[in-house]
Amino acid sequence: MSELQVVLDGRGARPEERAVAAATLLAQVDQTLLDPATASLRRDIPLLVVPGRAALARGAVRRVLADLATPGRCLTCVLLPGDGLLRVAAWAPRWLADWQGSLADLVDADLAFDREHLPTGSPLARAWLRADAVGVSAAADVGADPAGWARRTGLLLDRDAVVASVRAPLGAARRRMARRGQRRSRDQVLR
């Protein structure tokens with residue numbers, strides 16, 4: 001995986017939730033987790049902020065960063081259902097390069113922050129991804145085997161992506177063949 005800054009925001013999480021969040025996150029990233037109080041923000045690489053009450057399936061970080069790589073994207077968020085608003089947020093380096101705030105500001109960022117600081121003219125500036133589509137869940141919901149949950153969920157999402165990549169072209173080919181048949185039938189009727 002390319003360079004990445006990672007913050008695990010443990011505020012409001014129970015110790016067992018933080019342990020699940022850390023285990024599922026560290027299984028996917030090689031980086032040391034940053035402490036917002038002491039670390040400085042690098043503005044040339046993406047920043048990923050994960051709440052301490054979130055569990056990430058295998059490949060979730062890759063899926064979020066793939067969406068963040070969309071040209072013009074400044075922020076990709078995954079909203080977690082449940083008590084309060086929990087979000088995994090990935091900030092693009094192209095936006096970080098121009099922003100003058102601190103790392104702690106981005107950890108505390110909420111929807112009001114997004115509205116105030118992100119460009120309003122572009123529909124691509126921010127994206128909201130469904131938690132179940134990228135493999136993010138509440139840490140309390142993954143059960144006693146978080147590593148097993150992360151592996152199973154990640155494999156299911158990867159399988160679904162492969163099936164979709166095969167089915168989409170096959171469906172397009174099937175529709176082309178159906179249209180060709182319809183044109184032939186129409187031409188025969190018109191003769």
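The values are calculated or read from the model by the stated rules, or taken from the named source; none is laboratory data. Bear in mind that the values here come from a model prediction, so they are computed numbers and not experimental data. Cβ sites come from the backbone with ideal geometry, for glycine too, and all protein chains shown count toward neighbours. What goes into the accessible areas is simple: the full protein's heavy atoms, side chains included, and nothing from ligands, DNA or RNA. Shrake-Rupley method; radii C 1.70, N 1.55, O 1.52, S 1.80 Å.
The figures follow:
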{"quantity": "Options Ala104, Ala13, Ala37; residue that is touching a residue at least 60 places away in the same chain (Cβ under 8 Å), more than 27 Å from Leu155 (Cβ to Cβ) and assigned to a loop (DSSP other than H, G, I, E, B)", "calculated": "Ala37"}
{"quantity": "Inter-residue pairs, beta-carbon under 6 Å, first of a type in the set (D, E, K, R) and in segment 144-162, second at pLDDT 90 or above and open to solvent by 90 Å² or more (accessible area, probe 1.4 Å), 6+ apart", "calculated": "Arg151/Arg58"}
{"quantity": "Sole residue being at negative phi, touching a helix residue (DSSP H, G or I) at 6+ places or on another chain (Cβ under 9 Å) and either open to solvent by 60 Å² or more (accessible area, probe 1.4 Å) or of a type in the set (Gly, Ala, Ser) (or both), chosen from Ala22, Ala69, Ala39, Ala97", "calculated": "Ala39"}
{"quantity": "Search result, residues across segment 146-160 that are open to solvent by less than 60 Å² (accessible area, probe 1.4 Å) and not hydroxyl-bearing (Ser, Thr, Tyr)", "calculated": "Pro146, Gly148, Trp149, Ala150, Gly154, Leu157, Asp158"}
{"quantity": "Where a residue in segment 126-140 is in contact (Cβ under 8 Å) with a residue 60 or more places away in the chain and its partner, wherever it lies, is outside any helix (DSSP H, G or I) and surrounded by fewer than 19 Cβ atoms within 10 Å (Cβ to Cβ), with Cβ under 6 Å and at least six apart", "calculated": "Ala138/Gly82"}
{"quantity": "Failed criterion for Pro51 (all others in (1) surrounded by fewer than 17 Cβ atoms within 10 Å (Cβ to Cβ); (2) touching a strand residue (DSSP E or B) at 6+ places or on another chain (Cβ under 6 Å); (3) closer than 22 Å to Gly12 by Cβ; (4) not hydrophobic (A, V, I, L, M, F, W, C) hold)", "calculated": "(1)"}
{"quantity": "Given (1) open to solvent by less than 10 Å² (accessible area, probe 1.4 Å); (2) more than 15 Å from Val49 (Cβ to Cβ); (3) hydroxyl-bearing (Ser, Thr, Tyr), index of the condition Thr76 fails", "calculated": "(2)"}
{"quantity": "Qualifying residue in segment 57-64 (condition: closer than 24 Å to Thr153 by Cβ, open to solvent by 30 Å² or more (accessible area, probe 1.4 Å) and in a helix (DSSP H, G or I))", "calculated": "yes"}
{"quantity": "Verdict on Val163 being open to solvent by 70 Å² or more (accessible area, probe 1.4 Å) and more than 25 Å from Gly10 (Cβ to Cβ)", "calculated": "no"}
{"quantity": "Identity of the residue in segment 108-121, over 19 Å from the mean Cα position of the chain (by Cα) and not in a helix (DSSP H, G or I), that ends up farthest from Arg87 (Cα to Cα)", "calculated": "Gly121"}
